[in-house]
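See below for the structure under consideration.
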Amino acid sequence: MPIANEPGRSSTSRIFAILHACRRSATPLTLTELARRSGIPAATAYRLTRELMAEGALERNEDGSLQIGIGLWELGSAAPRQRDLRHAARPVMQSLAGHTRTVVQLAVAGHHEAVCVEKIIGSRAIVNVAEVAGGLPLHATGVGKVILAYSDDPDVRAVLRAVSLHRYTARTIAGTGRLAAEVAGVRVSQVGYSRGELTVGTTSVAAPVFDAEGRFVAALGLLAPEAEQVDRLAPEVRRAADAISRRLPANA
């Protein structure tokens with residue numbers, strides 16, 4: 001039931017606002033920051049965060065800052081669709097990471113972002129900002145561009161209509177017109193690239209994963225040093241994505 005002075009906003013809505021605020025932040029948040037980012041009064045945020053911590057959905061660090069808790073990840077991992085996807089993808093990802101010695105990640109569409117659901121680190125790994133259950137910008141990553149090309153989620157599609165896009169490096173695509181053109185190319189080639197657009201010195205290539213009924217479910221990405229000729233690795237990423245697709249049940 002909505003709380004007084006917050007008409008029309010349910011407890012569930014406020015809880016998810018808190019969780020989304022934590023998930024979108026690259027670093028843990030103080031209670032004050034969390035209240036501001038979620039748009040919830042500090043007193044309400046305090047009460048709800050205590051409840052979320054009690055259930056393991058949030059964790060408090062020694063400095064008092066808050067972050068997503070392992071309990072929430074355990075709940076998400078138990079979802080049959082994500083469980084089947086990760087089970088099908090992991091051996092293929094391990095093979096690809098072992099062969100290429102790179103970082104291989106699997107991402108799905110999230111709330112205005114790509115969410116990493118699995119990650120395998122090869123022997124020649126680079127610095128990678130994505131952690132499992134962490135978010136990645138759709139417009140600045142290979143997996144994000146693949147998701148933009150194939151997802152019909154309204155939150156995802158909204159990125160292509162944004163007034164402006166955050167620039168992470170000098171190479172980040174900040175204009176939606178150019179982004180839309182690149183995304184259209186992804187649908188033709190079934191390959192998405194990011195060349196130093198999220199982090200300097202890092203390049204990535206990604207391909208779509210489909211279930212047995214041909215529905216898009218995820219993007220498989222490979223990250224390597226920018227000096228790497230990832231174009232030559234694109235066919236391997238596509239073959240790996242196809243291999244995961246063949247391993248997925250129709251209801252994945």
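Remarks
- The residues listed here are ALA158, ALA181, ALA170; of these, the one that is more than 19 Å from the chain's Cα centre (by Cα), part of a helix (DSSP H, G or I) and of a type outside the set (Val, Ile, Thr) is ALA181.
- ARG86 vs. criteria at pLDDT 90 or above and open to solvent by 20 Å² or more (accessible area, probe 1.4 Å): no
- Test: residue in region 229-250 that is outside any helix (DSSP H, G or I), surrounded by 15 or more Cβ atoms within 10 Å (Cβ to Cβ), of a type in the set (A, V, I, L, M) and at pLDDT 95 or above: no
- Residue within region 34-49 that is in contact with a strand residue (DSSP E or B) (Cβ under 8 Å, 6 or more places away or on another chain) and assigned to a loop (DSSP other than H, G, I, E, B) present: no
- Taken over region 210-220, the criterion of being open to solvent by 20 Å² or more (accessible area, probe 1.4 Å) and either in contact with a helix residue (DSSP H, G or I) (Cβ under 6 Å, 6 or more places away or on another chain) or of a type outside the set (Gly, Ala, Ser) (or both) is satisfied by PHE210, GLU213, ARG215, PHE216, VAL217.
- Scanning region 121-153 for residues that are modelled with pLDDT of 85 or more and small (Gly, Ala, Ser) yields a total of 5.
- Conditions (1) among the small types (Gly, Ala, Ser); (2) over 16 Å from the mean Cα position of the chain (by Cα); (3) outside any loop (DSSP other than H, G, I, E, B): number failed by GLY221: (2)
- Screening the candidates GLY175, GLY196, GLY185 for the property of being open to solvent by less than 80 Å² (accessible area, probe 1.4 Å) and at pLDDT 95 or above yields one hit, GLY185.
Listed here are the residues, each with its yes/no results for (1) at pLDDT below 90; (2) more than 20 Å from GLY135 (Cβ to Cβ); (3) under 22 Å from the mean Cα position of the chain (by Cα).
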site	(1), (2), (3)
GLY8	yes, yes, no
ILE15	yes, no, yes
ARG24	yes, no, yes
PRO28	yes, no, yes
ARG36	no, no, no
GLU55	yes, yes, no
LEU58	yes, no, yes
SER65	yes, no, no
ILE70	yes, no, yes
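- Residues that are on the phi < 0 side of the Ramachandran plot, open to solvent by 60 Å² or more (accessible area, probe 1.4 Å) and free of Cβ contacts under 8 Å to residues at least 40 places away in the same chain do occur in region 200-209.
- Any chance ALA218 is out of contact with any Leu (no Cβ under 8 Å at 6 or more places or on another chain) and at pLDDT 95 or above: no
The values are calculated or read from the model by the stated rules, or taken from the named source; none is laboratory data. Since we're looking at a predicted model, the values are computed, not measured. Cβ sites come from the backbone with ideal geometry, for glycine too, and all protein chains shown count toward neighbours. Quick note on the areas: whole protein, heavy atoms, side chains included, nothing else; ligands and nucleic acids left out. Shrake-Rupley method; radii C 1.70, N 1.55, O 1.52, S 1.80 Å.
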